[in-house]
Structure formats: C-alpha cells, structure tokens
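The values are calculated or read from the model by the stated rules, or taken from the named source; none is laboratory data. A quick note: this is a predicted structure, and the numbers were derived from the prediction, not measured. Cβ: placed from backbone, ideal geometry, glycine included. Neighbour counts: every protein chain shown.
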Amino acid sequence: MKTTYREAMRAALRDAMTRDERVFLMGEDVGRYGGSFAVSLGLLEEFGPDRIRDTPLSESGFVGAGIGAALGGMRPVVEIMTVNFSLLALDQIINNAATLLHMSGGQFNVPIVIRMTTGAGRQLGAQHSHSLEGWYAHIPGLRILAPATLADARGMLWTALQDPDPVLIFEHGSLYNVAGELDDDADAVGIDKAAVLREGDAITLITYGGTLPLVLEAAEQLDGEGIDADVIDLRTLRPLDAHTIMDSVARTHRAVVVDEGWRSGSISAEIAARICEQAFFDLDAPVERVCSLEVPVPYAKHLEQAALPSVERVMAAARRAVGAGG
Amino acid sequence: MTTLRSQGIPDADHAVHLLRQMLRVRRLEEKCIELYSAARIRGFLHVYIGEEAVAAGVMEALEPEDAVVATYREHGHALLRGVSAGAILAEMYGHAEGCCRGRGGSMHLFDAATRFYGGNAIVAGGLPLAVGLALADRMAGRQRVTACFFGEGAVAEGEFHESMNLAALWQLPVLFCCENNLYAMGTALGRSESQTDIALKAAGYEIPAWAVDGMDVLAVEEAARRAVDAVRSGGGPHFLELRTYRFRAHSMFDPELYREKSEVARWMERDPISLLQSAMQAAAQLPDKDWAALQADVDAEISTAVGFAENGTPEPVSELSRFVYSDRPDDGSAGGGGPEEQGTTAGKGGAAG
C-alpha cells in the first residue's frame, strides 16, 4: 500500500481509538482544524469531539490534564503542536509524569503518550526549529521514541499505548510528506530495539528521526567510494539499545553519530560516551559526531542548511573515521 | 465572624468527630516538629497547624471513590483521607513501611487505596492533574468528585489559570479548595496579586466560588457539602476560598521575618480547635471527661504511629531503582545499556480506575 508518514500516523491513531475506548486525542487544533500538520484530519468526524478534543493554548494545563486522565484510567494521546511549545509543559512532563511512579513508591503509574513535532529545516526560525528529544532522553521515568520510517509511524503508537509509563513520541516535521510502500497488514512494532537498516562492515552510522533519510543517502554515496556502512536507526532514545550499537561497532570498529540536536550535552554525546565505555578496545578511530552547529536555528535557507547535519558532513565524517588509524 | 452555626451546634456527636479529626492533625504535626528537631526526620517539613479546619471540613464532604490532590503541606489531608499516621511518619523516616516506601517524604505522600494523589510540591502543579482526573471520570461516566487543595500562592501561577479555564470550559467535576493563609512562603497576598479577592478570579472563569471562614470547621463542612453536591450532580467545577492562617513558620527553615508576632497572636485567638472546643463546652456539649478521653485517644494514636515508624526498616538501597518504570515481563529486550542502565524493570504499577 502506498502511503505517507502522515497517513501512517493517522492510521495508527484511528486504529488505537477503535481498539481501545479509553484512548483519546487531545491538543491544540487536533479537531476542527484537523491537526496543525493534518495528522488528525478527519478523525473528529469519525470519533466526535469528546475523543478528538480541541484544547485552548494551555500546554501545561492540557498535558497535566492528560497525566491526570491517565492516572484516572484513561489512555490519553496528547498532541503538543511542536517540541518548542512543550517547554511550556515541562513542569508537568518532568515533575509529574516522570516522577509519580517513583515518588509514590510504585502506586501510581502514568500511561500517557505525548506526541509532538520536532526539528528544523523548514525555515521557521529559532522558536519553531528546536530538536530537544535528546534533552528529554535525559529524564529517568520517560520513554522517548523517534519514529523515522513508515512502519514505525504506523506501528509505534499502539505499542506506546500499551506501555504503563509515559512515552514521548517525536515526529520530525520533515518526515510527514515522506511517501513509500507499507504492508497492508502493517501493525504494532516493538519499541525496545534499534534497527539496522543497512548492513556494511566499514563503519557504523548511528542516527534517528529526521536525519535518517540523509544518513541513508550518505551511506549510498559512501558505498560508491568503497565505504560500506552499517546504518542504525535508534528508534528509541530512552532507554537506548546499546547492544545493537556495540554489536555493530565490534564489527566495523568505527562510528559516526548523526543528531540534529546540538553537540554539547546531547544524545550524541551520550552515545559516544557509551561507545567509549563499552567498546573502547573495538575502536580503530575516534567516534565522530555530526550535529547541528551551536547557534539558534536561523531563518535564511542558506544559513539554516549550513547549521544542520547534511549528507556532505556525514560523508566527510565517515571518510575521516575510515582514514584514521588502522 | 462568630458563627460556628452562631454557637448552636446541632449535632454534638458529629462535632466531636470533627474536633477529633482536627486534633489528630494537630498532634501529628506537633510530633513531626519534635521528630524533626530530634533529626529523626529530614528534608523540608511544612506543618498545617492552624489550618486543620479546612481539611477536616472538606474531607467530610467526600466519598471514598472521590479523589484528592493536595500540596506539600499535606500530612493532615493524607491523615484525614485515611492514610494511617504510622504510614505517614514511616514515610518521613524513609522506611519501607512508609506510604511511598521512603521515596516521597513529607512533601510527597501518595496512597492509591484512598485515591490520594499527593503530595505535590510544585505550587499549582497539582491543579492540572485534578482537572485530568475529573476528565477521566467525566469520560467514563462516573459520578466522582476530585477535590484539589492549593494555597493562595498558586493563583499567581499560569497553571492555576489554565486549570480554571479547562475545568470550566469542559464542566469537569472538580472542587477547587484554595487554602488562603495569606502568605506564599513569605510573600503576603497583597504584595503579589493585583486582585486579592481570590473567589473573584474563579468567578472570572464562570466557576461558582465563595469565600468561607476557614477557622470554622462547621462552616467549612457546610460549604464543602454544598459545593460537592453541586459538583457531583453535574454542576461543573466549584471553588472555595478557605480563609485560614498558618500558625507556624512556612517550613523549619523560616525565621518569619515577614509578619508581626501580634498578627499571629490575633489569628491564634481563632484557633479552629479551641474555637469548636470552647463553643461546645460553653453549650455543655463536651464534658471534661470526654474531652480528656478524646485527647488521650489521639495521643495514643500518634504515639503508636511513632512506634510503628521507629520500628520500621529502611527501604533497601537494592530497591533504589524500582519504580522508575513499571514492572514488565523481563524479555531481555528493554534497556541493555550496560552497567549504568538501571531501572528499566521495576515493581508493580497500576493506575487507578
């Protein structure tokens, strides 16, 4: 079946709402408007305003209400229009959703799913272009997902809803229009393991979310240069599937981490540190990182593109790693 | 101000019950101060002395299936909701017998059995949770009420206003109980709010709201019953501004530089416990021997609770990473991040409802 990332997400929502009457979608403009990114378009007509619930511009209020509804036995899917606005709900996400189970000594779990768009690349300027999923992955108590493929867009939501604990799903804005083939019977997918999307033995390219397409493109071009790359789609940023990373590095002895987040104190830093901790003696070259430059994401296209990871920068990093050491 | 039903107390047995409830909180809090001073318990400690009539009156109006969301000054709310004094004190001791197995402490008491949802230590952070609990009830067609306690300091927070609006917009069954003790830590209401009539703020969201003498437990109970009945019968959120006063410092670290001793003394003349006690004694509804017996009962309860806490066992460090995530079948696939990746499998979770 030909579909898009957006349609796959919508199918996942429809499926979840149909399968479990406790599931409802809540957020800004999810109903009448059809979703800021048109993910929920048509669902209001299908499921009604109680379950496709438009909210005021009150991120902390409606995210907190989602947490409360989860405590009360519902299975809310809360859509925050973009990760940038989720900063207004940090108190609820970090002080409540992530802590309640532990603070209550195991009495109150919070089965909420919070979806949000993330990332840059669309000339939206600094306040609409953050990539903060790695930052959320710092928080114990949360599970952080970054679906990058059609199969994951279709399959991660239901699995996330089965999780007894809070799950944040980051959908990169550049992916919604990605089109491709999806199995007609595509269904829920696991959310515990990273995926090796391309196998090679010269280097491991590690990424997730919005940078996956460019990393796959870089891998193709590197192949033409005789550099055969493993490409790992992390899929889940917390808890990290370190096994898949280390298994690959043990074969390739080289790694490049590609992350649209900033470099300092980032998920790429965490991955590089873990490789150093767990696979240091497998390495033949320093771990390379390709991240966004440490500037607020600018508006002008040439400036923005210069700030973000690119195929060229990934290839250059890979060449450096392959050229280094043994 | 003199009401207590204008000194005619219709149901003496019930009034004695309220007196007992307030005294249980008072004695528990006094014991907490003592234990804190003896360094048996640590962290932040915020006691409710002076404000007992608020929790005592409101809790009377709630049913077991209702939910309660409270603040970090919540020992009394937990106790009156039905959490044992022993489990509360054991929590402050960091013991496995504590109501949160030592992970919450004084500011984070939780109890699933009584639907007591904390113990929230971010001012106004509990309000959205209350809205959500009520939303769940509403969507599931349950006739339950969520009572949400917060101080007047919370009304300066955005989460207060967002929650008022959501609850009113969706007509959710929440009873908002604003414990107006006049000071947000050390900041007097008039120094922090352009509009100090708090009930008026709620009214601005089309929420029925009224102010109540929070030192008069009968007045609190009466108002709470009226509000809870309205909420339960589908009348949407209601709001009580309970005018009260904190007799003790904000916390154990507060030198109280911001208020006059004479002001505290003036309020202590309306101590909610002595107010009811003396009214009952004046009406010959509380014989000395009954009052003495009641006090002895409460002292015994608290003393037993201290013994329970003292004899508890520290929550084992080996359990530290439990409850970061819920228990799930160990299929070996989650986590796997190496020696520091802990806490991906844990004890039992389970949302109520």
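Residue check: is A:I271 touching a residue at least 60 places away in the same chain (Cβ under 8 Å), under 21 Å from A:H138 (Cα atoms), crowded, with 16+ Cβ neighbours inside 10 Å and not polar (S, T, N, Q)?
Answer is yes for this residue.
Has segment B:254-268 got at least one residue that is closer than 26 Å to B:E65 by Cβ and not hydroxyl-bearing (S, T, Y)?
Scanning segment B:254-268 turns up no residue that is closer than 26 Å to B:E65 by Cβ and not hydroxyl-bearing (S, T, Y).
Would you be able to say whether some residue in segment B:127-142 is more than 8 Å from chain A (Cβ to nearest Cβ) and of a type in the set (A, V, I, L, M)?
No - not one qualifying residue is present in segment B:127-142.
Collect the residues in segment A:190-208 that are of a type outside the set (A, V, I, L, M), buried (at least 24 other Cβ atoms within 10 Å of the Cβ) and in contact with a helix residue (DSSP H, G or I) (Cβ under 7 Å, 6 or more places away or on another chain), keeping them in residue-number order.
Those that are of a type outside the set (A, V, I, L, M), buried (at least 24 other Cβ atoms within 10 Å of the Cβ) and in contact with a helix residue (DSSP H, G or I) (Cβ under 7 Å, 6 or more places away or on another chain): A:T204, A:T207.
I'd like to know if segment A:83-92 contains one or more residues that are under 14 Å from B:L133 (Cβ atoms), crowded, with 24+ Cβ neighbours inside 10 Å and of a type outside the set (D, E).
yes
Looking only at segment A:153-189, count every residue that is acidic (D, E), part of a strand (DSSP E or B) and crowded, with 18+ Cβ neighbours inside 10 Å and tell me the total.
Counting residues in segment A:153-189 that are acidic (D, E), part of a strand (DSSP E or B) and crowded, with 18+ Cβ neighbours inside 10 Å gives 1.
Any residue at all in segment A:132-149 that's touching a residue at least 60 places away in the same chain (Cβ under 8 Å), surrounded by 24 or more Cβ atoms within 10 Å (Cβ to Cβ) and more than 14 Å from the chain's Cα centre (by Cα)?
no
Any residue in segment A:91-105 that is in a strand (DSSP E or B), within 14 Å of chain B (Cβ to nearest Cβ) and not basic (K, R)?
No, segment A:91-105 contains no residue that is in a strand (DSSP E or B), within 14 Å of chain B (Cβ to nearest Cβ) and not basic (K, R).
Pairs, please: C-beta under 7 Å, at least 6 apart or cross-chain, first residue under 24 Å from A:V23 (Cα atoms) and in segment B:134-156, second acidic (D, E) and surrounded by 22 or more Cβ atoms within 10 Å (Cβ to Cβ)?
From residues that are under 24 Å from A:V23 (Cα atoms), the pairs are B:R144/B:D66; B:R144/B:D137; B:V145/B:D66; B:T146/B:D66.
How many residues are crowded, with 24+ Cβ neighbours inside 10 Å, within 11 Å of another protein chain (Cβ to nearest Cβ) and on the phi < 0 side of the Ramachandran plot when one looks only at segment B:104-124?
7
Can you say whether A:P111 is facing chain B (nearest Cβ under 9 Å) and in contact (Cβ under 8 Å) with a residue 12 or more places away in the chain, as far as the supplied structure shows?
Yes: the conditions hold for A:P111.
List the strands (runs of 3 or more DSSP E) inside segment A:235-326, counting only whole elements, that have at least 1 residues being within 19 Å of A:H172 (Cβ to Cβ) and hydroxyl-bearing (S, T, Y).
Answer list for segment A:235-326: A:236-238, A:288-292.
Does B:A78 meet the test of being out of contact with any Phe, Trp or Tyr (no Cβ under 8 Å at 6 or more places or on another chain) and modelled with pLDDT of 95 or more?
No, not satisfied.
Is it the case that some residue within segment B:143-158 is within 7 Å of chain A (Cβ to nearest Cβ), surrounded by fewer than 24 Cβ atoms within 10 Å (Cβ to Cβ) and not charged (D, E, K, R)?
yes
Among the residues of segment A:45-59, how many are in a loop (DSSP other than H, G, I, E, B) and under 12 Å from A:F24 (Cβ atoms)?
5
Can you tell me how many residues in segment B:88-103 are within 18 Å of B:E29 (Cα to Cα) and either crowded, with 22+ Cβ neighbours inside 10 Å or more than 14 Å from chain A (Cβ to nearest Cβ) (or both)?
8
Where residues in segment B:171-198 are crowded, with 19+ Cβ neighbours inside 10 Å and more than 19 Å from B:E263 (Cα to Cα), which of them is farthest from the chain's Cα centre (by Cα)?
Only one residue tops the list, namely B:L172.
Could you give every pair whose Cβ atoms fall below 8 Å, whose first residue belongs to segment A:52-69 and is more than 7 Å from chain B (Cβ to nearest Cβ), and whose second residue is in a helix (DSSP H, G or I) and of a type in the set (F, W, Y), counting only separations of at least 6 or pairs across chains?
As it stands, the answer is A:T55/A:F62; A:E59/A:F85, since those pairs meet every condition given.
Could you give me the residue pairs with C-beta distances under 8 Å whose first residue belongs to segment B:1-25 and is at pLDDT below 80, whose second residue is in a loop (DSSP other than H, G, I, E, B) and surrounded by fewer than 22 Cβ atoms within 10 Å (Cβ to Cβ) wherever it lies, and which are 6+ apart or on separate chains?
Short answer, once both residue conditions are applied: B:M1/B:R270; B:Q7/B:A283; B:G8/B:A283.
What tally of residues in segment A:257-266 results from selecting those that are of a type outside the set (S, T, N, Q), crowded, with 21+ Cβ neighbours inside 10 Å and in contact with a Lys or Arg (Cβ under 9 Å, 6 or more places away or on another chain)?
3
Of everything in segment B:48-77 that's part of a helix (DSSP H, G or I) and touching a strand residue (DSSP E or B) at 6+ places or on another chain (Cβ under 6 Å), which residue is nearest to the other protein chains (Cβ to nearest Cβ)?
B:H77
Please work out if B:G335 is in a loop (DSSP other than H, G, I, E, B), modelled with pLDDT of 95 or more and of a type outside the set (F, W, Y).
No: the conditions fail for B:G335.
Being of a type outside the set (A, V, I, L, M), crowded, with 21+ Cβ neighbours inside 10 Å and more than 27 Å from A:T117 (Cα to Cα) is true for just one of A:R238, A:R320, A:R254. Which residue is that?
A:R254 is the lone residue from the list that is of a type outside the set (A, V, I, L, M), crowded, with 21+ Cβ neighbours inside 10 Å and more than 27 Å from A:T117 (Cα to Cα).
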